[in-house]
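Colleague: Questions regarding the structure given below will be posed in turn.
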């Protein structure tokens, strides 16, 4: 089992609830953390909460994002959990631009950073974790192209792993697929959209949710995958209240 103490950890999407929880957990493990996000205010607050955390305000889906991040801190562990908010409406109410928003952000970001990890390349033993979504496995009828984009993140992790193996790079690529978490701003949005779509109160939708987990649970899973690779075989993992499990 690898210790994260002294390791360089980059968290993309650190402005949000899951990203913030991951930063807290990685710092608690003794890692040097670079928190990347679009909200300068949120990152500044995070840096106050977690002493020693470096921050970088930027759009991770930009053309030069991966090279800028690697120049700021070359990661031993990189976790990508940022992305766009899906439309929250059924397909016939969407424009193509709304339908495709997660392809232009979540997928583009994953592609760019995984490509950079292979091209650089990262050091043998490094780990890249893409935070996908359980929607990739079951679909999401009010999220436009979100579920497909999240599924493509899983494919990207798989493809990148095959290239790492073929080129003998020793870099691990994984995808972790959490469910809706009402504790987060994104989760609250999803709950409200689904409740409206189904014609039920948000509280009733939450009551019907199974296998509940929280952002700290996702952070714990990411830390486990990064530090205990020998115990986890596969490229895609789901998470529930009981822990993580291989989906492929």
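Derivation of every value follows stated rules applied to the coordinates shown; laboratory data play no part. None of the values given here were measured: they were computed from a predicted structure. Because the Cβ atoms are built from the backbone with ideal geometry, glycine has one as well, and the counts that use them run over all protein chains shown.
Colleague: Express the relative contact order of the range 8-246 as a whole percentage, based on alpha carbon pairs under 8 Å and six or more residues apart in sequence. Let's see the in-between values first.
Modeller: On the way: 467 pairs, mean separation 44.8, N = 239.
For the range 8-246, the relative contact order is 19 percent.
Colleague: Give the angle, between 0 and 90 degrees and rounded to the nearest 10, that separates the Cα long axis of helix 146-166 from the longest principal axis of the Cα atoms of the chain.
Modeller: Rounded to the nearest ten degrees, it is 20.
Colleague: Shifting gears a bit: How do 174, 167 line up, fewest other C-beta atoms within 10 Å first? Kindly include the intermediate steps, with their values, before the conclusion.
Modeller: On the way: 174 26, 167 11.
The most exposed by this proxy come first: 167, 174.
Colleague: How far, in degrees from 0 to 90, does helix 17-28 lean away from the longest principal axis of the Cα atoms of the chain, to the nearest 10?
Modeller: 30 degrees
Colleague: Once the Cα atoms of helix 215-227 and of the chain are each reduced to a long axis, what angle between those two axes, in degrees from 0 to 90 to the nearest 10, is obtained?
Modeller: 30 degrees
Colleague: Where both residues lie in the range 8-246, what percent of DSSP beta bridges are antiparallel, nearest 5?
Modeller: Numbers: 4 of 30 bridges.
Antiparallel: roughly 15 percent of the beta bridges in the range 8-246.
Colleague: Taking the highest mean first, how do the peptides 29-37, 177-185 order by number of other beta carbon atoms within 10 angstrom per residue? Before the final figure, lay out each step's value.
Modeller: Values: 29-37: 22.8, 177-185: 20.1.
Most protected by this proxy first, the peptides run 29-37, 177-185.
Colleague: Say we join alpha carbon atoms closer than 10 Å with springs in a Gaussian network model of the chain; which of 89, 151, 20 then has the biggest fluctuation?
Modeller: Ranking 89, 151, 20 by mean-square fluctuation puts 89 first.
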